[in-house]
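Below is one structure; the comments refer to it alone.
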Amino acid sequence: MTEGILYVLHGRRGKIPKSNIELLQAYLAQSGIPSIISFLEGQQQTLEDGVRFLQDRVDQLTVVPVLLFSATHIRWDIPRRINAVIRSDRSFNILKPLATTEAVFDYLNQQLQSAVHQFPNRKILIVAHGTPHFPEPYQQLTALGDRLQSAINVPILCANHIGHHLVKEVLAEETAPLIVQRLFLTDGRLANRIKKNVLSIQPDSIFLPTLEDQPVITAAISERLNQYRLAVNQ
């Protein structure tokens, strides 16, 4: 059975985003496996286009969501849209998203350790996108925060941009500047909105880079692919 890999990014309406594309293209070129990048939003390089491209070349599609948490896109949108266009003699598997990988933990641990050394005696705020539909993403975020807090020995707060546990709620009783880690794969509109929101509450907070264009993304993808292949071969 031949395998192809479909890398699914969020995308943007009206344009193909540049964030992380060169990083992924270099990764794909080294893999030696039929692969394609597709987007959930926009009219170019759509998820459906990616499925049609691969299913003419391979029997089995391995879907890699280049997303952090399992919410609406992974649970509903991706399987529904793939099932609408995939041939009956083809199959697919959707891998877990990236936030709970060791690669992401190691990246955040290193980045936060460095920030704490530079800005001691500050709490850390980790902000994710959030969802109003499922509790698991926030549970995973807080588990990640607890693990990082144990490693760094600094109090860590976790908040969402939408849904529950919003930034303004989490910071309601905080009175000191923060070290802020926006847990996003891009440094775009939403990340900037979060920065503006936090600064309106704690003006002297400092902001660390997002994961955009960082090798941690491909390291996390490799980890997920290795886990999947190990499970298949057992």
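Quick notes
- Scanning the stretch 44-59 for residues that are open to solvent by 20 Å² or more (accessible area, probe 1.4 Å) and either touching a helix residue (DSSP H, G or I) at 6+ places or on another chain (Cβ under 6 Å) or in contact (Cβ under 8 Å) with a residue 24 or more places away in the chain (or both) yields 44, 45, 48, 52, 57, 59.
- The combined condition, being surrounded by 14 or more Cβ atoms within 10 Å (Cβ to Cβ) and under 18 Å from residue 212 (Cα atoms), is fulfilled by residue 12.
- For the stretch 132-151, the condition of being at positive phi, open to solvent by 20 Å² or more (accessible area, probe 1.4 Å) and either without any contact (Cβ under 8 Å) to a residue 40 or more places away in the chain or of a type in the set (Asp, Glu) (or both) holds for none of the residues.
- The stretch 170-213: number of residues that are open to solvent by 20 Å² or more (accessible area, probe 1.4 Å), part of a strand (DSSP E or B) and either over 16 Å from residue 111 (Cα atoms) or β-branched (Val, Ile, Thr) (or both): 1
- Of all the listed residues (35, 19, 70), the sole one being within 15 Å of residue 95 (Cβ to Cβ), of a type in the set (Gly, Ala, Ser), open to solvent by 10 Å² or more (accessible area, probe 1.4 Å) and touching a Leu at 6+ places or on another chain (Cβ under 9 Å) is 35.
The values are calculated or read from the model by the stated rules, or taken from the named source; none is laboratory data. All values derive from a computational prediction rather than experimental measurement. Every residue, glycine among them, receives a Cβ derived from its backbone with ideal geometry; neighbour counts consider all protein chains shown. Keep in mind that these areas ignore ligands, DNA and RNA; they rest on the heavy atoms of the full protein, side chains included. Shrake-Rupley method; radii C 1.70, N 1.55, O 1.52, S 1.80 Å.
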